[in-house]
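Written below as structure tokens is the structure these notes are about.
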Amino acid sequence: MTTHKHQAGFTLVELMIVVCIVGILSVLAIYSVKKYVLYSKSSEARNAIGQMAKDAAMAAEREKGNTAILPAGGISSLTRSLCDTSTYIPASAAQVKAQKYQSTGSDWKSGSASAGWQCLKFSLEEPQYYQYFYSATSTSAVSGSFAVSAYGDLNGDGLTPTLCVNGAAYSGAIAISPNILEDGACGANGSNGGHGDGDGNGGGNGGGVGNTKHTGP
């Protein structure tokens with residue numbers, strides 16, 4: 001007697017279902033990995049502006065009067081105040097468009113004892129994905145306010161999402177926003193300036209900064 005064995009296999013429909021499932025999982029995996037990579041890069045900015053805000057609050061408590069010897073009956077100004085507005089680092093957002101920028105020591109020494117990065121005493125040593133900026137509407141340690149911002153174009157599409165932390169003086173105490181703000185929420189208290197152009201110019205006081213496209217080089 002001859003015995004015929006039937007070989008088990010997959011039908012075309014079953015194979016197509018498997019291919020569809022694998023394709024869907026691949027798309028989800030690619031999206032998750034891309035999101036994770038972008039978030040890991042943005043952690044640089046989150047850590048940096050968090051530290052910048054703390055440095056700004058500490059700077060307000062630091063005496064900034066002149067170093068000259070005061071005569072009897074003399075007074076010293078600027079003994080307690082917020083730091084005045086800084087420059088952009090790097091100067092052009094194009095320098096961090098889908099690439100990193102290695103700052104120099106002189107970048108972070110710009111300003112003075114009462115203004116800019118020299119006043120904040122903040123610096124980065126590692127190459128950076130973001131452009132950083134500190135702005136103050138008023139340097140008064142009683143009623144002034146400030147914002148620290150990071151602008152990045154990680155994928156090179158010309159859009160520069162913004163991360164920021166706002167701070168303000170209330171009755172002599174410096175309060176900092178508990179969370180990192182994004183895009184349109186930046187400058188909600190009117191302290192954050194507009195984003196500079198490709199040459200690092202512009203960015204006056206007031207107004208939020210959104211997902212904007214650069215027109216500079």
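Read-outs throughout are calculated quantities, based only on the coordinates presented, and are distinct from any laboratory measurement. Everything quoted here is computed from the prediction, not taken from an experiment. Note that each Cβ is placed from the backbone with ideal geometry, even for glycine, and that neighbours are counted across all protein chains shown.
Reachable aspartates and glutamates from Lys121, Cα under 15 Å, same-chain residues fewer than 8 places away excluded?
Asp55, Glu61, Glu63, Asp84, Asp107
In nm, what is the difference between 0.36 nm times the number of residues separating Ala113 and Asp183 and their Cα-Cα distance? If you can, show how the numbers build up before the last one.
Working: separation 70, 0.36 × 70 = 25.20 nm, distance 3.04 nm.
This chain segment gains 22.2 nm when fully extended.
Using alpha carbon centroids, what distance separates segment 127-148 and segment 157-175, in Å?
7
Using amide H atoms built in the peptide plane, which far-off residues or other-chain residues are under 5 Å from Ser103 H to H?
Long-range HN contacts for Ser103: Gln128.
With only Lys, Arg, Asp and Glu charged, each at its Cβ (+1 for the first two, -1 for the last two), find how big the charge dipole of segment 59-152 is about the Cα centre; round to the nearest 20 debye.
Details: 7 positive and 6 negative charges, 11 e Å.
Dipole about the Cα centre, nearest 20: 60 debye.
Highest first, please rank the peptides 79-90, 107-118, 172-183, 50-61 by the mean number of other Cβ atoms sitting within 10 Å of their residues.
Details: 79-90: 21.2, 107-118: 17.3, 172-183: 14.2, 50-61: 18.9.
So the order, starting with the most tightly packed, is 79-90, 50-61, 107-118, 172-183.
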